[in-house]
Amino acid sequence: MRAKAALPVAGEALVLRILRWLKRSGVTRVVLNLHHRAETITREVGDGAAIGLDLRYSWETAILGSAGGPARAIPLLDADRFLIVNGDTLAAVDLNDLAARHVDTNALVTMAAVDGDPRYNGIIADDAGRIRAFGRDPGALHFIGVQAVNAAAFAGVSVETRSETVHGIYPDLIARSPGALRVVRTGVEFFDIGTPRDYLETASTIAAREGKLLDRGLHSTVASDARVDSSILWNQVTVGPGASLIRCVVADGVTVPAGARYEGCSLVATDRGMIAVPF
């Protein structure tokens with residue numbers, strides 16, 4: 001398996017797409033938080049020199065959460081203000097505009113968002129963009145994984161134990177300093193790979209726009225009479241004769257038996273053989 005940020009999207013690992021976007025936006029220094037399957041990310045990124053970034057890694061031996069992770073990375077950044085960008089989303093936010101609004105409002109945290117879905121929790125803010133709460137509301141906005149923050153927002157956060165932002169320190173900041181958290185409503189397109197279904201939809205959309213095929217990884221083979229339709233194959237995948245894959249994500253090392261048929265599934269190799277998980 002791979003870390004989400006290392007998943008291929010139209011021929012390029014998601015983390016590389018994010019880093020190239022940051023570089024184009026004028027970012028020069030980056031710290032990547034690493035925990036789950038860290039080697040799958042470092043293998044793609046290396047030292048960042050190929051992208052032209054001053055890149056460092058912050059290694060989490062235990063998951064520190066959305067607050068603890070940034071708190072641990074702050075000494076490596078050595079900056080009073082910085083951006084936090086999720087590694088499992090794509091959203092071409094205007095970072096210069098976000099940073100300018102963050103400074104102009106004297107906020108501790110400024111979150112980029114799009115119109116939300118009232119069925120889900122979101123950002124509840126007033127007309128001036130001051131965040132009041134997080135929760136379910138008809139007018140709630142959806143956070144898209146990009147935010148400008150002050151290091152002071154993480155003052156006192158432990159770098160040894162897990163802690164969260166939206167479900168932890170951010171509500172506390174709102175209570176102590178009303179107006180310290182702001183939201184910028186954007187009109188950008190937002191892509192998420194949080195679930196296999198989201199991942200497949202994101203990869204399919206981007207591949208179509210860039211005139212590419214869906215990913216077929218290194219050393220993967222497909223029998224001449226097999227059907228592979230709207231599916232992603234990672235490395236060292238073998239699809240046997242007469243097999244059929246429709247809207248599937250096939251992980252590294254999977255062998256799809258001859259004549260097998262799968263639709264809307266993740267296929268994963270385990271010590272006990274291949275397993276199929278519908279999505």
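Remarks
- Considering residues of the range 182-214 that are among the hydrophobic types (A, V, I, L, M, F, W, C) and part of a strand (DSSP E or B) only, the residue surrounded by the most Cβ atoms within 10 Å (Cβ to Cβ): Val183
- So Ile41, is it among the β-branched types (Val, Ile, Thr), within 22 Å of Ala155 (Cβ to Cβ) and either outside any helix (DSSP H, G or I) or modelled with pLDDT of 95 or more (or both): no
- Residues that are under 18 Å from Met1 (Cβ atoms), part of a strand (DSSP E or B) and not hydrophobic (A, V, I, L, M, F, W, C) within the range 239-261 comprise just one, Thr255.
- Checklist (1) surrounded by 16 or more Cβ atoms within 10 Å (Cβ to Cβ); (2) hydrophobic (A, V, I, L, M, F, W, C); (3) within 26 Å of the chain's Cα centre (by Cα) applied to Val277, failing item: (1)
- Checking the stated criteria, Thr89 turns out not to satisfy the condition of being in the same structural domain as Gly145 (by TED's automatic domain parsing), farther than 26 Å from Val188 by Cα, among the polar types (S, T, N, Q) and in contact (Cβ under 8 Å) with a residue 12 or more places away in the chain.
- Residue match in the range 256-269 (condition: out of contact with any strand residue (DSSP E or B) (no Cβ under 6 Å at 6 or more places or on another chain), among the polar types (S, T, N, Q) and surrounded by 14 or more Cβ atoms within 10 Å (Cβ to Cβ)): no
- So Ala153, is it closer than 21 Å to Val85 by Cβ and either part of a helix (DSSP H, G or I) or polar (S, T, N, Q) (or both): yes
- Residues in the range 107-163 that are within 17 Å of Gly187 (Cα to Cα), in contact with a His (Cβ under 8 Å, 6 or more places away or on another chain) and modelled with pLDDT of 95 or more: Thr110, Ala113, Val114, Asp115, Gly122, Ile123.
- Number of the condition not met by Glu164 [criteria: (1) touching a residue at least 40 places away in the same chain (Cβ under 8 Å); (2) buried (at least 17 other Cβ atoms within 10 Å of the Cβ)]: (2)
- Per-region count, the range 71-94, residues modelled with pLDDT of 95 or more, over 19 Å from Asp192 (Cβ atoms) and out of contact with any Phe, Trp or Tyr (no Cβ under 6 Å at 6 or more places or on another chain): 10
The values are calculated or read from the model by the stated rules, or taken from the named source; none is laboratory data. These numbers come from a predicted model, not from an experiment. Neighbour counts are summed over all protein chains in view; Cβ atoms, including those assigned to glycine, are modelled from backbone coordinates with ideal geometry.
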